1. Quick check on my filter: what residues within the stretch 265-282 are more than 19 Å from SER193 (Cα to Cα) and either surrounded by 14 or more Cβ atoms within 10 Å (Cβ to Cβ) or at pLDDT 90 or above (or both)?
2. Could you tell me whether any residue of the stretch 273-280 is out of contact with any Cys (no Cβ under 9 Å at 6 or more places or on another chain) and touching a residue at least 60 places away in the same chain (Cβ under 8 Å)?
3. Being in contact (Cβ under 8 Å) with a residue 60 or more places away in the chain and either surrounded by fewer than 14 Cβ atoms within 10 Å (Cβ to Cβ) or within 13 Å of MET146 (Cα to Cα) (or both) is the filter here, so list the residues in the stretch 220-243 that pass it.
4. Residues of the stretch 154-192 being at pLDDT 95 or above, of a type in the set (Phe, Trp, Tyr) and under 20 Å from GLY48 (Cβ atoms), which ones?
5. Of the residues ALA283, ALA254, which is touching a Gly at 6+ places or on another chain (Cβ under 7 Å) and either assigned to a loop (DSSP other than H, G, I, E, B) or assigned by TED's automatic domain parsing to the domain that holds TRP229 (or both)?
6. Where residues in the stretch 172-194 are surrounded by 19 or more Cβ atoms within 10 Å (Cβ to Cβ) and of a type in the set (A, V, I, L, M), which of them is farthest from TYR153 (Cα to Cα)?
7. Might you let me know whether the stretch 244-260 holds any residue that is at pLDDT below 90, touching a helix residue (DSSP H, G or I) at 6+ places or on another chain (Cβ under 6 Å) and surrounded by fewer than 19 Cβ atoms within 10 Å (Cβ to Cβ)?
Amino acid sequence: MQTFGANADVPLYSVHYQYNSGNKFTEVRETSLRQLFEKYGDILWLNGSHKYNVTNFIGELHDLLDIPSFSTFSQEMLDELIGKLRKRGNSNATINRKMAALSKLLRKAYKMGDVFSLPEFKRQKEKAGRIRFLDKDEENALFSEMRAHSDLYYRYCLFLVDTGARLSEGIDMRWGDVSAHRVTFWVTKSGRSRSVPLTQRAAAAIAASDRRYPGPFTEIDQQRFRQAWHIAKESIGLADDKDVVPHVLRHTCASRLVQGGIDIRRVQMWLGHQTLSMTMRYAHLASHDLDMCVPVLERASAR
């Protein structure tokens with residue numbers, strides 16, 4: 001490492017060297033998380049709500065580092081970040097999301113020769129969270145309020161609850177992605193496209209949209225939709241229920257599929273989950289699968 005004092009004409013910096021793919025030494029100068037995100041953010045993440053969250057995550061992590069410039073990202077630096085996030089009240093689930101973004105960025109930087117070494121990322125143990133979904137009465141009351149605000153918002157709610165689409169997936173959908181009985185989501189969180197069949201009311205919700213726009217719901221602004229949603233849920237007495245956010249419509253769709261007897265694998269495909277473990281959060285709702293166990297226990301106890 002080479003450094004220059006305060007009287008020198010050049011700023012302080014550190015230099016490391018590592019072998020590249022051509023078995024030659026390459027110089028690794030100091031960088032920062034903000035600089036790395038500016039360099040690789042558009043390559044690693046598509047524009048949308050997820051990238052917006054990642055931008056905030058990386059900015060927060062940059063600000064938390066005591067020394068934001070580095071040429072090697074040490075295990076001590078990682079532990080320091082996790083400790084500070086925990087002091088801020090971040091849950092393990094939130095820490096995992098932020099660490100996933102950091103790991104993806106650093107792995108890209110390491111591959112491109114911008115970082116000398118990487119720490120070991122270990123996933124924090126998460127508690128099983130409560131899955132909130134709407135019952136039919138809640139859906140009717142909430143959708144009625146949304147309809148009073150905007151027929152477009154009402155139809156979008158119908159579409160979301162019957163397809164399980166994420167808010168951004170439906171908004172990004174184009175007319176060419178829709179057929180008579182099916183819709184394809186090309187822009188997804190996982191990066192993998194998926195197609196799902198349409199219910200009658202989901203198809204009707206699409207058909208009533210203005211074809212002068214690029215897609216059935218492209219005129220919707222997410223922020224304004226969320227504002228209308230919160231006003232609607234306050235109107236029906238759910239203002240204090242922090243879990244009743246627009247994403248609850250996706251949970252509701254999944255819950256109804258499982259409760260209706262659809263197997264977990266098909267629910268995974270419907271929702272577009274990358275791993276089965278994500279879908280298993282809904283498995284406890286398939287209580288009817290256990291009903292067949294009762295006669296076995298009844299017969300055993302009668303002997």
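The values are calculated or read from the model by the stated rules, or taken from the named source; none is laboratory data. None of the values given here were measured: they were computed from a predicted structure. When we count neighbours, we look across all protein chains shown, and the Cβ atoms used for this are built from the backbone with ideal geometry, even at glycine.
1. MET280, ARG281, TYR282
2. For the stretch 273-280, residues out of contact with any Cys (no Cβ under 9 Å at 6 or more places or on another chain) and touching a residue at least 60 places away in the same chain (Cβ under 8 Å): present.
3. Within the stretch 220-243, PHE225, ALA228, TRP229, ILE231, ALA232, LYS233, SER235, ILE236, ASP241, ASP243 meet the criteria.
4. If the condition is that a residue be at pLDDT 95 or above, of a type in the set (Phe, Trp, Tyr) and under 20 Å from GLY48 (Cβ atoms), then TYR156, PHE159, TRP175 are the ones that fit.
5. Going through ALA283, ALA254 in turn, the sole match is ALA254.
6. Out of the qualifying residues, it is VAL183.
7. yes
Each row is one residue, and each column tells you yes or no for (1) in contact with a Phe, Trp or Tyr (Cβ under 9 Å, 6 or more places away or on another chain); (2) farther than 14 Å from MET99 by Cα.
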| site | (1), (2) |
| --- | --- |
| GLN35 | no, yes |
| GLU38 | no, yes |
| ILE43 | no, yes |
| ASN47 | no, yes |
| GLU60 | no, no |
| SER69 | yes, yes |
